[in-house]
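The values are calculated or read from the model by the stated rules, or taken from the named source; none is laboratory data. In this text, all values refer to a predicted model and were calculated from it rather than measured experimentally. All Cβ positions, even for glycine, are placed from backbone atoms using ideal geometry, and neighbour counts span all protein chains on display. Each accessible area value is taken on the protein alone, full model and side chains, heavy atoms only, with ligands, DNA and RNA left out. Shrake-Rupley method; radii C 1.70, N 1.55, O 1.52, S 1.80 Å.
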Amino acid sequence: YNFPEMIEKALQLIPNSVFIGIGLQKRNQLWQNVLKIGKNRIFLTGSIPFHQVSRYLAMSDLYVDSFPVNSWTSLLDAISIAKLPVVTLKTAIGLPLFIERSTAVTSDVEYLIEKIVELSNDPQKLK
């Protein structure tokens, strides 16, 4: 999987869910097919000013870190600003130790999708 394909798979398994990709560009070729399939369920914001990030995080129930290049800053924003549960894939870039040693980290994409589905289907785990 690449990240857009993983998001598409997760959305197929979680009815009525949506994905908001903060900073992701619609013109990115990797997103083109996925955007056609997930028309009203995938929203890519493009670049936005930092002061608007909290508005999008407030609409969210879960933060899914991107891969193969994860974003420490965005992951930390999701935790500190919005108090969101996070899931991320272990990559060669690594992660901060407090995340690396947590249950938020998975080592393969299939398990990452399972965690997203599990968390999304259990509102108590999202608190």
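If we keep just the residues of the stretch 11-33 that are in a loop (DSSP other than H, G, I, E, B) and hydrophobic (A, V, I, L, M, F, W, C), which is farthest from Val69 (Cα to Cα)?
So, considering only residues that are in a loop (DSSP other than H, G, I, E, B) and hydrophobic (A, V, I, L, M, F, W, C), the one farthest from Val69 (Cα to Cα) is Ile14.
Which members of the stretch 15-30 meet the condition of being hydrophobic (A, V, I, L, M, F, W, C) and under 14 Å from the mean Cα position of the chain (by Cα)?
Answer for the stretch 15-30, where residues must be hydrophobic (A, V, I, L, M, F, W, C) and under 14 Å from the mean Cα position of the chain (by Cα): Val18, Phe19, Ile20, Ile22, Leu24.
How many residues does the stretch 37-65 contain that are of a type outside the set (A, V, I, L, M), touching a helix residue (DSSP H, G or I) at 6+ places or on another chain (Cβ under 9 Å) and modelled with pLDDT under 85?
The qualifying residues number 1.
Looking at Tyr111, is it outside any loop (DSSP other than H, G, I, E, B), at pLDDT 90 or above and farther than 19 Å from Tyr1 by Cα?
no
So that you can scan it fast, the table gives a plain yes or no per residue for (1) in contact (Cβ under 8 Å) with a residue 40 or more places away in the chain; (2) open to solvent by 30 Å² or more (accessible area, probe 1.4 Å); (3) under 19 Å from Asn2 (Cα atoms); (4) of a type in the set (Val, Ile, Thr):
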{"site": "His51", "(1), (2), (3), (4)": "no, yes, no, no"}
{"site": "Ser54", "(1), (2), (3), (4)": "no, yes, no, no"}
{"site": "Met59", "(1), (2), (3), (4)": "no, yes, no, no"}
{"site": "Val64", "(1), (2), (3), (4)": "yes, no, yes, yes"}
{"site": "Thr88", "(1), (2), (3), (4)": "no, no, yes, yes"}
{"site": "Val105", "(1), (2), (3), (4)": "no, no, yes, yes"}
{"site": "Lys125", "(1), (2), (3), (4)": "yes, yes, no, no"}
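Within the stretch 24-37, is even one residue of a type outside the set (D, E, K, R) and under 17 Å from Ser74 (Cα atoms)?
Looking through the stretch 24-37, at least one residue is of a type outside the set (D, E, K, R) and under 17 Å from Ser74 (Cα atoms).
Among Leu76, Leu13, Leu30, which is the only one that is open to solvent by 40 Å² or more (accessible area, probe 1.4 Å) and touching a residue at least 60 places away in the same chain (Cβ under 8 Å)?
Just a single option satisfies the conditions, and that option is Leu13.
If you take the residues of the stretch 91-103 that are in a loop (DSSP other than H, G, I, E, B) and loosely packed, with under 10 Cβ neighbours inside 10 Å, which of them is modelled with the highest pLDDT?
Thr103
Of all residues in the stretch 34-69, which are part of a helix (DSSP H, G or I) and either on the phi > 0 side of the Ramachandran plot or among the hydrophobic types (A, V, I, L, M, F, W, C) (or both)?
Selection gives Val34, Leu35, Ile37, Phe50, Val53, Leu57, Ala58.
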